[in-house]
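Please read the structure below before turning to the comments.
The values are calculated or read from the model by the stated rules, or taken from the named source; none is laboratory data. Bear in mind the structure is a predicted one, so any value in this text is a computation, not a measurement. Please note: Cβ atoms are built from the backbone with ideal geometry, for glycine as well, and neighbour counts cover all protein chains shown.
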């Protein structure tokens with residue numbers, strides 16, 4: 001039965017929870033058993049909170065008659081929370097030795113919202129130090145490995161979250177996304193991840209509550225499961241000044257009633273970035289699925305010419321704002337990439353930051369005009385397939401060299417600046433069996449449209465049927481479990 005439980009989709013598991021056909025405590029034990037069997041190869045969930053999860057399951061079971069029937073009610077489904085986000089009474093390290101023994105006394109708003117909607121936190125997913133970098137490793141817990149080939153990276157910074165979903169350790173995972181931290185791991189691990197509109201998932205308290213660069217979002221094995229988790233996340237909240245009210249029509253309904261888009265723009269590179277040839281071929285072929293739906297697919301790209309400079313400036317300013325004190329007092333415990341980003345931010349002046357903000361406003365206006373012509377923008381999620389797990393970041397692609405650790409994820413961070421919802425969906429596999437994803441970007445606040453299009457695309461590819469997977473070795477053979 002435990003095997004059957006972890007193989008269920010989140011949507012099916014929640015249906016069975018609501019019907020009383022399975023108990024939350026059964027799913028907690030199934031998740032813990034799967035984690036015990038697989039995580040020695042993966043290191044996705046280094047911090048577990050089994051006793052807390054069991055207690056939450058008992059509370060939900062004792063109040064079964066009073067359970068709500070809202071679209072986002074999860075009924076006692078175990079989930080993972082990224083280790084950048086506080087969970088009350090659970091070790092939360094931010095991937096940094098500075099906070100190796102930190103145990104918060106209260107949870108983030110997003111955790112409170114999920115738990116109020118019947119989620120059970122089973123553990124914390126591994127992340128790079130302070131989420132800095134698109135490969136998941138840190139000095140507290142070490143490296144997280146890709147289940148499709150454990151010698152490969154799972155990307156980052158929501159790497160542990162993506163792996164926990166792909167390997168069937170949990171049905172749903174929380175991720176966060178500044179420059180692609182949710183989307184790139186989704187691509188590398190063959191799962192679905194949504195960077196939602198700013199404010200769609202309430203958060204806090206955070207140092208920069210008015211900033212729209214960093215958002216939190218759902219990660220799952222299918223688009224329907226992502227929509228389910230987004231319904232569980234969505235809530236207005238007075239402590240988040242950007243929080244949006246839940247939509248009148250649930251995101252789950254939007255997926256079930258999906259209609260094909262009429263005009264789709266496909267960009268092979270956003271006009272800015274090198275893309276490894278095999279990845280480019282897979283993504284271009286995948287975009288043609290929209291033609292089979294009856295949509296007109298054209299190669300087109302919004303004007304994002306200054307996106308790299310804008311993002312690097314605003315990202316550096318954010319690092320300086322949030323981490324300058326740590327640089328002064330704990331420099332010896334920070335990894336080099338974090339030091340670089342903080343120092344870059346400290347060198348900025350008000351004029352540089354102001355110019356970046358004004359340039360972002362102009363970029364946003366150009367993107368809005370682009371979506372007057374197109375329903376969707378489709379492009380690769382990552383410019384390379386999963387690389388060796390020991391590599392800190394990608395330094396060169398197709399003869400183009402990068403001069404810093406985040407430059408290689410420009411194809412995701414350029415879309416961060418648009419404030420549009422962006423869904424990463426599996427698009428295919430390389431000849432060596434490694435996952436490749438595409439980004440589906442919808443107009444501002446059109447999260448439902450991104451999910452609906454993703455659901456139709458997913459049906460066309462059939463790739464969601466391959467999850468969850470047992471961890472594979474470099475020879476593509478399953479590794480021993482238990």
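Only a single item in (1) more than 28 Å from residue 188 (Cα to Cα); (2) part of a helix (DSSP H, G or I) is not met by residue 338, and it is number (1). Checking each residue in region 247-262 for being part of a loop (DSSP other than H, G, I, E, B) and touching a residue at least 40 places away in the same chain (Cβ under 8 Å) picks out 247, 249, 250, 257, 258, 259, 260, 261, 262. Annotation: of all residues in region 397-414 being in contact with a helix residue (DSSP H, G or I) (Cβ under 8 Å, 6 or more places away or on another chain) and over 12 Å from residue 269 (Cα atoms), the one that is surrounded by the most Cβ atoms within 10 Å (Cβ to Cβ) is 413.
Only one of the listed residues (164, 176) is under 27 Å from residue 361 (Cβ atoms), in contact with a strand residue (DSSP E or B) (Cβ under 6 Å, 6 or more places away or on another chain) and either free of Cβ contacts under 8 Å to residues at least 12 places away in the same chain or not in a loop (DSSP other than H, G, I, E, B) (or both). That residue is 176. Figure legend. Inter-residue proximity from region 263-275: first residues at positive phi, second residues modelled with pLDDT of 95 or more and not in a loop (DSSP other than H, G, I, E, B), beta-carbon distance below 8 Å, spacing 6+ or different chains. Indicated pairs: 270/307; 270/379; 270/410; 270/411; 270/414; 270/415. The number of residues in region 296-339 that are surrounded by 20 or more Cβ atoms within 10 Å (Cβ to Cβ) and in contact with a strand residue (DSSP E or B) (Cβ under 9 Å, 6 or more places away or on another chain) comes to 3.
Among the residues of region 99-140, count how many are out of contact with any strand residue (DSSP E or B) (no Cβ under 8 Å at 6 or more places or on another chain) and either under 30 Å from residue 231 (Cα atoms) or touching a residue at least 12 places away in the same chain (Cβ under 8 Å) (or both). Steps first, please.
First pass over region 99-140, keeping only residues out of contact with any strand residue (DSSP E or B) (no Cβ under 8 Å at 6 or more places or on another chain): 99-109, 112-113, 116-117, 130, 132-134, 138-140.
Remaining after also requiring either under 30 Å from residue 231 (Cα atoms) or touching a residue at least 12 places away in the same chain (Cβ under 8 Å) (or both): 100, 103-109, 112-113, 116-117, 130, 132-134, 138-140.
Count: 19.
Residues checked against (1) at pLDDT 95 or above; (2) within 22 Å of residue 77 (Cβ to Cβ); (3) surrounded by fewer than 22 Cβ atoms within 10 Å (Cβ to Cβ); (4) in contact with a helix residue (DSSP H, G or I) (Cβ under 7 Å, 6 or more places away or on another chain):
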{"position": "191", "(1), (2), (3), (4)": "yes, yes, no, yes"}
{"position": "194", "(1), (2), (3), (4)": "yes, yes, no, yes"}
{"position": "202", "(1), (2), (3), (4)": "yes, yes, no, yes"}
{"position": "212", "(1), (2), (3), (4)": "yes, no, yes, no"}
{"position": "221", "(1), (2), (3), (4)": "yes, yes, no, yes"}
{"position": "232", "(1), (2), (3), (4)": "yes, yes, no, yes"}
{"position": "251", "(1), (2), (3), (4)": "yes, yes, no, yes"}
{"position": "265", "(1), (2), (3), (4)": "yes, no, no, no"}
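Restricting attention to region 355-388, the residues that are in contact (Cβ under 8 Å) with a residue 40 or more places away in the chain, part of a loop (DSSP other than H, G, I, E, B) and farther than 17 Å from residue 430 by Cα total 4. Scanning region 31-60 for residues that are farther than 23 Å from residue 89 by Cα and either touching a residue at least 24 places away in the same chain (Cβ under 8 Å) or surrounded by 15 or more Cβ atoms within 10 Å (Cβ to Cβ) (or both) yields 34, 37, 38, 41, 42.
What residue, among those in region 396-410 that are in contact (Cβ under 8 Å) with a residue 12 or more places away in the chain and assigned to a loop (DSSP other than H, G, I, E, B), is farthest from the chain's Cα centre (by Cα)? Among those residues, the one meeting the criterion is 399.
For (1) assigned to a loop (DSSP other than H, G, I, E, B); (2) touching a helix residue (DSSP H, G or I) at 6+ places or on another chain (Cβ under 6 Å); (3) within 30 Å of residue 151 (Cα to Cα), each residue gets a yes or a no:
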| residue | (1), (2), (3) |
| --- | --- |
| 53 | no, yes, no |
| 60 | no, yes, no |
| 74 | yes, yes, no |
| 91 | yes, no, yes |
| 95 | yes, yes, yes |
| 106 | yes, no, no |
| 115 | no, no, no |
| 121 | no, no, yes |
| 124 | no, no, yes |
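Here residue 428 passes the criteria (1) out of contact with any helix residue (DSSP H, G or I) (no Cβ under 6 Å at 6 or more places or on another chain); (2) more than 15 Å from residue 153 (Cβ to Cβ); (3) surrounded by fewer than 23 Cβ atoms within 10 Å (Cβ to Cβ) except the one numbered (1). Set side by side, the residues 173, 134 differ, and just one is surrounded by 24 or more Cβ atoms within 10 Å (Cβ to Cβ), under 21 Å from residue 222 (Cα atoms) and within 18 Å of the chain's Cα centre (by Cα), which is 173. Scanning region 420-446 for residues that are within 18 Å of residue 373 (Cα to Cα) and outside any strand (DSSP E or B) yields a total of 7.
Just to be sure before I move on: is residue 243 part of a loop (DSSP other than H, G, I, E, B) and either at pLDDT 95 or above or on the phi > 0 side of the Ramachandran plot (or both) in the structure I sent? In short, yes.
Listed by first and then second residue, the pairs with beta-carbon distance under 6 Å, at least 6 apart or on different chains, first residue in region 212-232 and outside any loop (DSSP other than H, G, I, E, B), second surrounded by fewer than 24 Cβ atoms within 10 Å (Cβ to Cβ) and at pLDDT below 95, are 231/71. Here 394, 422 are screened, and the one residue that is buried (at least 17 other Cβ atoms within 10 Å of the Cβ) and either over 27 Å from residue 197 (Cα atoms) or out of contact with any helix residue (DSSP H, G or I) (no Cβ under 8 Å at 6 or more places or on another chain) (or both) is 394.
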